[in-house]
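The values are calculated or read from the model by the stated rules, or taken from the named source; none is laboratory data. All figures in this text were calculated on a predicted structure; none of them were measured in a lab. With ideal geometry, Cβ positions are generated from the backbone for all residues, glycine too; neighbour counts draw on all protein chains shown.
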């Protein structure tokens with residue numbers, strides 16, 4: 001089975017829930033069944049995935065030191081010896097394929113053809129809707145016998161989830177109906193992600209508690225939305241490579257000096273000045289133009305192509321984030337502050 005959909009749409013939660021029921025039923029009717037859940041992003045390699053599969057059929061495998069083919073053989077022997085069914089969930093399976101190719105998936109989907117006792121059921125989970133394009137057609141035909149797409153939550157579904165959690169997490173009357181509805185509507189309109197909807201409610205609760213509010217109101221939800229967005233942008237800015245931050249500061253200073261002249265040529269001149277003052281070698285104008293395009297793609301700046309008549313065409317670049325955020329980031333720079 002192959003399950004895919006955007007993050008926060010319940011793929012892993014539903015899979016775990018169903019497998020709990022399957023395990024309970026197998027115990028009830030005395031049928032051998034094992035369940036193996038592996039997060040491929042955390043496992044990181046084919047070897048680690050295989051060693052975790054082996055452990056689920058009670059075959060110990062050392063952390064390193066054995067050829068992958070040998071680990072696979074041990075796993076197959078352990079599966080045959082177990083004699084039952086192993087349901088293996090490969091969460092974020094796209095990370096495994098991007099790192100190591102689809103050879104392991106192909107071999108796993110072929111085990112049942114040669115195993116008279118001991119069968120494996122594969123469930124692949126992915127956030128990447130284009131993941132199937134990476135797979136060999138033979139793997140795809142086996143892995144996609146059943147497909148389930150988890151669609152983003154609607155506002156009504158998010159409201160139900162938030163209401164359930166609010167009953168557990170908050171005191172009675174700790175949140176207004178309007179605040180829950182607004183929280184669900186904002187999350188549904190932006191991404192339909194239950195995790196982020198819950199995060200929005202949590203932050204709103206923290207703000208209300210800090211300010212001595214008696215309940216989470218719509219005002220606190222809006223404040224929380226601004227705070228989460230602000231914190232997210234700040235985190236992105238802090239992790240930018242050095243020269244990309246210098247290019248961002250160049251946009252900031254150019255816009256501050258003359259808002260109408262934020263053309264790429266002027267920004268590059270400012271960038272060269274900053275590099276000289278900081279004692280660094282500036283990148284070429286072509287490379288800086290590429291860094292500006294990356295900042296534009298991240299939504300940090302906004303570039304617009306303008307016609308300068310006989311001077312040709314250029315890009316006018318403006319900040320898409322508040323200037324205060326760039327100011328506060330600049331103050332943290334010990335070399336540039």
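Remarks
Each row is one residue, and each column tells you yes or no for (1) within 20 Å of residue 110 (Cα to Cα); (2) at pLDDT below 90.
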| residue | (1), (2) |
| --- | --- |
| 25 | no, no |
| 30 | no, yes |
| 65 | no, yes |
| 80 | yes, yes |
| 86 | yes, no |
| 96 | yes, yes |
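- Of the residues contained in segment 253-263, none is found to be at pLDDT 85 or above, under 32 Å from the mean Cα position of the chain (by Cα) and in the same structural domain as residue 321 (by TED's automatic domain parsing).
- Among the residues of segment 165-174, those that are free of Cβ contacts under 8 Å to residues at least 40 places away in the same chain and either touching a helix residue (DSSP H, G or I) at 6+ places or on another chain (Cβ under 9 Å) or not in a helix (DSSP H, G or I) (or both) comprise 165, 166, 169, 171, 172.
- Here segment 175-212 is the region considered, the condition is being at pLDDT 90 or above and in a loop (DSSP other than H, G, I, E, B), and the residue that is farthest from the chain's Cα centre (by Cα) is 212.
- Per-region count, segment 145-164, residues under 23 Å from residue 40 (Cα atoms) and in contact with a helix residue (DSSP H, G or I) (Cβ under 7 Å, 6 or more places away or on another chain): 1
Okay, residues lined up against (1) out of contact with any strand residue (DSSP E or B) (no Cβ under 9 Å at 6 or more places or on another chain); (2) closer than 19 Å to residue 1 by Cα:
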position: 102; (1), (2): yes, yes
position: 111; (1), (2): no, yes
position: 119; (1), (2): no, yes
position: 127; (1), (2): no, yes
position: 131; (1), (2): no, yes
position: 159; (1), (2): yes, no
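- Unique match (being under 30 Å from residue 181 (Cα atoms) and surrounded by 12 or more Cβ atoms within 10 Å (Cβ to Cβ)) among 270, 234: 234
- Residues that are within 10 Å of residue 247 (Cα to Cα) and in contact with a helix residue (DSSP H, G or I) (Cβ under 6 Å, 6 or more places away or on another chain) within segment 259-275 comprise 267, 268, 270, 271, 274, listed in sequence order.
- Residue count for segment 36-46, restricted to those that are over 17 Å from residue 126 (Cβ atoms) and surrounded by fewer than 18 Cβ atoms within 10 Å (Cβ to Cβ): 1
- Scanning segment 113-131 for residues that are free of Cβ contacts under 8 Å to residues at least 24 places away in the same chain and within 22 Å of residue 15 (Cα to Cα) yields one hit, 130.
- Some residue of segment 130-139 being under 19 Å from the mean Cα position of the chain (by Cα) and loosely packed, with under 13 Cβ neighbours inside 10 Å: yes
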